[in-house]
Amino acid sequence: MFSGIKEDIESVFERDPAARNTFEVLTNYPGLHALLFHRLAHALWNSGLMWLARIVSTFSRWLTGIEIHPGARIGRRFFIDHGMGVVIGETTIIGDDVTLYQGVTLGGTSWNKGKRHPTLGNNVVVGAGAKVLGPFEVGDNAKIGSNAVVTKQVPEGATVVGIPGRIIVASPDDEQRRKKMAEKIGFDAYGVSEEMPDPVARSIRSMLDHMHAVDERMEAMCKTLQNLDSEYQNSVMPPLNDDDFKGVRDEGR
């Protein structure tokens, strides 16, 4: 128990530069208070003392402004920054090293019994005011932006923003694929980052994805023709050179 409390305190220092010493964290961090109360309430809940567990949970909400149902399962080194208005539902499952900010709701969209709240993987970060609603999974290392409303599964390593939530970074593999395609056509990959709120950049990003798909199909067709026609085996597709796009670049300037 004490080693778990020590881990929870250390996680505060790792993720909050405002934390100065252990005494300050123990006495002034409502996120830590809510977590410690939840550990107790969850143990009571699992022991069948559900009414008493709800009493502890309700007292914790009065004290901290954070509502965590005793039935929620929370992993190690969980950190709630500021915390006011955080709501975590009964069937929520939270992995290790997860961070929530104020106003986050991990809720459900159904009144049916059973699994109705989200499952968060390890190292997930949920920004202030975000709403994650439904019995789906949020993959490891995913990030959910402030005030996003997420109602469907989030893949591992993805970043989700907006209402409704949309994935803006699918995975590192997608980023590498786009970069290779951009380099192939002589275009600066850094100019089409999805981090930029530029509709033109987003359009170019979509074009890169489409060109990658076309390129893969052309290669598959060439391999098939090589297998069918011996004369075709000596033919090679001409490479793309920077000079082929010089005129287009000049017009763009």
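Assorted remarks:
- Length added when fully stretched, Gln153-Arg15, from 0.36 nm per residue minus Cα-Cα: 47.1 nm
- Lysine pairs within the stretch 1-154, Cα separation less than 24 Å, 8 or more sequence positions apart or different chains: 8
- Share of carbon and sulfur in the accessible heavy-atom surface of the stretch 1-142 [1.4 Å probe, %]: 59
- Take the Cα of Arg166, step 7 Å toward its Cβ, do the same at Ile55, and the gap between the two points is 5.1 nm.
- On full extension, the segment bounded by Ala128 and Ser47 gains 25.8 nm, given 0.36 nm per residue less the C-alpha separation.
The values are calculated or read from the model by the stated rules, or taken from the named source; none is laboratory data. Quick caveat: nothing in here was measured; it's all calculated off a predicted structure. Backbone-built Cβ (ideal geometry, glycine too); neighbour counts: all protein chains shown. Calculation scope for accessible area: heavy atoms of the full protein, side chains included, ligands and nucleic acids excluded. Shrake-Rupley method; radii C 1.70, N 1.55, O 1.52, S 1.80 Å.
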